[in-house]
Amino acid sequence: MTDLKQTIRQKAEHYFDYMVQVRRHLHKNPEVSFKEYDTTEYILHELKKMGIEIETPLETGCIGVIEGGKPGPAIALRADIDALAMEEEGEAKQEFISERSGAAHCCGHDAHTANLLGTAKILNDMKGDIAGKVVLVFQPAEEKLPGGGRMMRDSGILQKHGVEEIYGLHMNPNYKPGQIAVKPGAFMACTVEFEIEVIGKGGHAATPHLTIDPIVLSSQIITQFQSIISRSLDPTEPAIITIGKIQAGSAFNVIPAKAEMIGTVRAFSMETARFIKKRMEEIVKSTTEGAGGSYKFEFNEGYPAVVNDENCTRKLEKAARSILGDENVIKLERPMMAGEDFAFYQEEFPGSFFFLGSGSDEADSKWSWHHPRYNIDEQVFLTGSALLAALVFDR
Ligand code: NI
């Protein structure tokens, strides 16, 4: 390890307690998407204490700007700051469990924020040696459409600072602290939400011939949807159609007048998602109208796919190897079907998104994201902050 990397590692150790304290404070005081007012105040206060220039382009969230001592390009590092609208559980977190009912940091965004504030401290100490500018993005509302990532990008703040590359991460319980998982190209899926209303004609269960049964029609539709994936789509193209909820009827002996379904489509390009939409609507239309019924169909595009730039991913991997060691850099073979609004930045700036291991045998840290017991192993801060700092110097 070079002297520079050693200095970074030492600083990460030095600021470890700080990051733990920040994380626990945020964890105790979670705020849901678009309501991150106290969280933003807290981050602004921390950045001001470091003497870092701040800007607030949106109602919540903010950016901090570190000017390096040498000329060079601008790099953005992004953390999302919002909590989920849910209640949390878990003895492992009892000292800092959410004090706000209906909000909980069960996706690890508190840790993303703490890690980036720790990175800010390391970089600020070493700014004389930085070539270029570092834009620290504390982004609101990752969990809710239209996505804080889209709003931050559209605010023009990153463009104003001449950002040329952007990097972001997510805690991942499937890997250990000190490990990261990277992948160039398709990394996470684009997301779509749909709502369908199958409108039939209600009546007595004993006289089905006088009705148009929306439950029978819905079953046909659901089964046919799966044939879009297996028969209409190129088999080398991964995609999902999931119905998450069906609602119809109220009694043993009544055929209801309508049925409602909601669900999600996942794919690795909006183009594929739109093709699936076209096929879905054709099926809904022909099935309902063929039986004399009608339908409503709504398809709401969510986040685009996270597609990692080859060059940025190579730089990330290089920084990771130098600071974590070769054995701790995991190269993912396959993408993941979950979504992330980091994708909006990548539509405009080359960038790379990656996973930081946060799971161990300690402290409930292997529970999946969005589980009420979800937790992280705080050891992650030692390597997470050092890695981001190393990335700034490695370009
Ligand atoms: Ni998340």
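As I understand it, the value is the acute angle between the Cα axis of helix 310-324 and the longest principal axis of the Cα atoms of the chain; what does it come to in degrees, rounded to 10? For 310-324 against the chain, the angle is about 50 degrees.
If we sort 329-340, 199-210 on the protection proxy, mean other Cβ atoms within 10 Å, highest first, what's the order? It would help to have the intermediate numbers written out before the result.
Numbers: 329-340: 15.6, 199-210: 13.2.
Packing proxy ranking, top to bottom: 329-340, 199-210.
Dipole of the stretch 190-301 (Lys/Arg Cβ +1, Asp/Glu Cβ -1, origin at the Cα centre): which of 207, 235, 223 lies farthest to the positive side? The Cα lying farthest towards the positive end belongs to 207. Summary of the geometry: the stretch 257-294 and the stretch 2-63, compared by the centres of their Cα atoms, lie 44 Å apart.
Taking amide hydrogens as placed 1.01 Å from N in the peptide plane, the amide H of residue 80 sits under 5 Å from those of 139, each at least 5 positions away in sequence or on another chain. Calculated FRET efficiency, residue 242 and residue 296, Cβ-Cβ r, R0 22 Å, to nearest 0.05? Calculated transfer efficiency: 0.70.
At a 1.4 Å probe radius, carbon and sulfur cover how many percent of the accessible area of the stretch 190-301? Present the calculation step by step, with values, prior to reporting the outcome.
Numbers: 3250 of 6080 Å².
After summing per-atom areas, the C and S share lands at 54 percent.
With the simple spin-label model, which puts each label point 7 Å out from Cα in the Cβ direction, the residue 195 to residue 87 separation comes to 2.7 nm. Approximating the spin labels as points 7 Å out from Cα along Cα→Cβ, the residue 274-to-residue 13 distance works out to 5.4 nm. Taking a ≥ b ≥ c as the square roots of the eigenvalues of the Cα gyration tensor of the stretch 328-395, is the shape rounded (a/c under 1.5), prolate (a/b larger than b/c) or oblate? Oblate is the answer for the stretch 328-395, as a/c is 1.5 or above yet b/c matches or exceeds a/b. When each of the peptides 226-234, 11-19, 165-173 is scored by how many other beta carbons lie within 10 Å of its residues on average, the order from highest to lowest is 165-173, 11-19, 226-234.
Share of the stretch 1-98's accessible area from carbon and sulfur, percent, 1.4 Å? Present the calculation step by step, with values, prior to reporting the outcome.
Working: 2210 of 4670 Å².
Ligands and nucleic acids excluded, carbon and sulfur reach 47 percent.
Between 147, 381, 51, the Cα set farthest toward the positive side of the dipole of the chain (charges on each charged residue's Cβ, about the Cα centre) is that of 147. Comparing Cα centroids, the stretch 211-237 and the stretch 92-113 end up 40 angstrom apart. The angle between the Cα long axis of helix 16-28 and the main principal axis of the chain comes to about 30°, on a 0 to 90 degree scale. Strictly over 28 Å apart at the Cα level, which of 121/318; 48/366; 49/160 would you flag in this model? Those over the limit are 48/366.
At a 10 angstrom cut-off on C-beta neighbours, averaged per residue, how do the peptides 152-164, 99-111, 46-58, 377-389 rank from highest to lowest? Working shown, then result.
Working: 152-164: 17.5, 99-111: 21.4, 46-58: 15.6, 377-389: 25.3.
By packing density, highest mean first, the sequence is 377-389, 99-111, 152-164, 46-58.
A straight chain from residue 311 to residue 223 at 0.36 nm per residue would run longer than the Cα-Cα distance by 27.5 nm.
In terms of overall dimensions, the stretch 53-206 has a Cα radius of gyration and Dmax of 20.5, 82 angstrom.
Rolling a 1.4 angstrom probe over the protein heavy atoms with all chains in place gives the stretch 190-301 an accessible area of 54 Å² per residue. Projected onto its three principal axes, the C-alpha set of the stretch 271-338 covers 66, 18, 14 Å, listed from the longest axis down. Charging the Cβ of each Asp and Glu at -1 and of each Lys and Arg at +1, and nothing else, the dipole of the stretch 190-301 about its Cα centre rounds to 180 debye. Here is the size of the stretch 238-395 from its Cα atoms: Rg then Dmax, 22.2, 70 Å. When the square roots of the Cα gyration tensor eigenvalues are ordered a ≥ b ≥ c, the ratio a/c for the stretch 190-301 is 1.5 or more and a/b exceeds b/c, which makes its shape prolate. For the chain, the alpha-carbon coordinates run over 81, 43, 39 Å along the three principal axes, in decreasing order.
The values are calculated or read from the model by the stated rules, or taken from the named source; none is laboratory data. Fair warning: this is a prediction, and the values are worked out from it, not measured in the lab. Heads up, the Cβs are rebuilt from the backbone with ideal geometry, glycines too, and the neighbour counts pull from every protein chain shown. We work out accessible area using only protein heavy atoms, side chains counted, and drop any ligands, DNA or RNA first. Shrake-Rupley method; radii C 1.70, N 1.55, O 1.52, S 1.80 Å.
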